[in-house]
Amino acid sequence: VPQLLFLGLFIRIDQMPVWISWAQYLCSGKYALNLAMLVEFDPSLAIDEKIRLEWAQFLEMQTVYASDAWIYILVLFAIFFGFRILSLVLLDHKAKQL
C-alpha cells in the first residue's frame, strides 16, 4: 500500500503532509514509474504539436525530468542492493545469535 501511495499518480506528493512525504524516496515504485513515464510520454516522439505539449505538461506536473533518468536508474539499483545487503547483515547477525 505505501508503494501505491508514494507513486504520486493518485495523490500528488506536494499534497501529502510534510511529515510523511519523505518516505517517497524509499519506495522503488516511484523511480520505476518515473522511468516508465519517460519512455511512454517522451515528447520528442509525439505525432503532432498538441500531443507533444500535453505530454511535456504531464511530465512537468509529475515532476519527472528526462535529465534525471540516470539518477532514477542509479537509485533503483541502490535501493535493490541496499535492502539486500541490509537483510544479509541482519540474517547473519541473527544466525550468530542462535
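Using helices alone, what [θ] at 222 nm do you get for the chain, with -39,500 (n - 2.57) per DSSP H run of 4 or more residues, divided over all residues and rounded to the nearest 500?
-20000 deg cm²/dmol
Scanning the chain for helices, which whole DSSP H stretches are 20 Å or more long along the axis (Cα) and average 0.0 or more by Kyte-Doolittle?
69-97
Is the shape of the chain rounded, prolate or oblate, going by the alpha carbon gyration tensor and its root eigenvalues a ≥ b ≥ c, with a/c under 1.5 for rounded and a/b larger than b/c for prolate?
Judged from the Cα gyration tensor, the chain comes out prolate (a/c at least 1.5, a/b above b/c).
So if R0 is 25 Å, what FRET efficiency would residue 26 and residue 93 give, r being the distance between their Cβ atoms, rounded to the nearest 0.05?
0.70
Over segment 14-98, average the accessible area per residue using a 1.4 Å probe and give it in Å², no decimals.
77 Å²
Report residue 65's accessible area, 1.4 Å probe, all protein chains in place, as a number in Å² to the nearest 10.
90 Å²
Quick one: accessible surface of residue 74, probe radius 1.4 Å, all protein chains present, in square angstrom to the nearest 10.
Residue 74 has an accessible surface of roughly 110 Å² with all protein chains in place.
Between residue 71 and residue 9, what length in nm is gained on full extension when 0.36 nm per residue of separation is reduced by their alpha carbon distance?
Here the answer is 20.4 nm.
Give me the accessible area of residue 60, 1.4 Å probe, in Å² rounded to the nearest 10.
100 Å²
The values are calculated or read from the model by the stated rules, or taken from the named source; none is laboratory data. Only a predicted model underlies this, so the values are computations on that prediction, with no experimental measurement involved. With ideal geometry, Cβ positions are generated from the backbone for all residues, glycine too; neighbour counts draw on all protein chains shown. Surface areas here come from the heavy atoms of the whole protein model, side chains and all, with no ligands, DNA or RNA. Shrake-Rupley method; radii C 1.70, N 1.55, O 1.52, S 1.80 Å.
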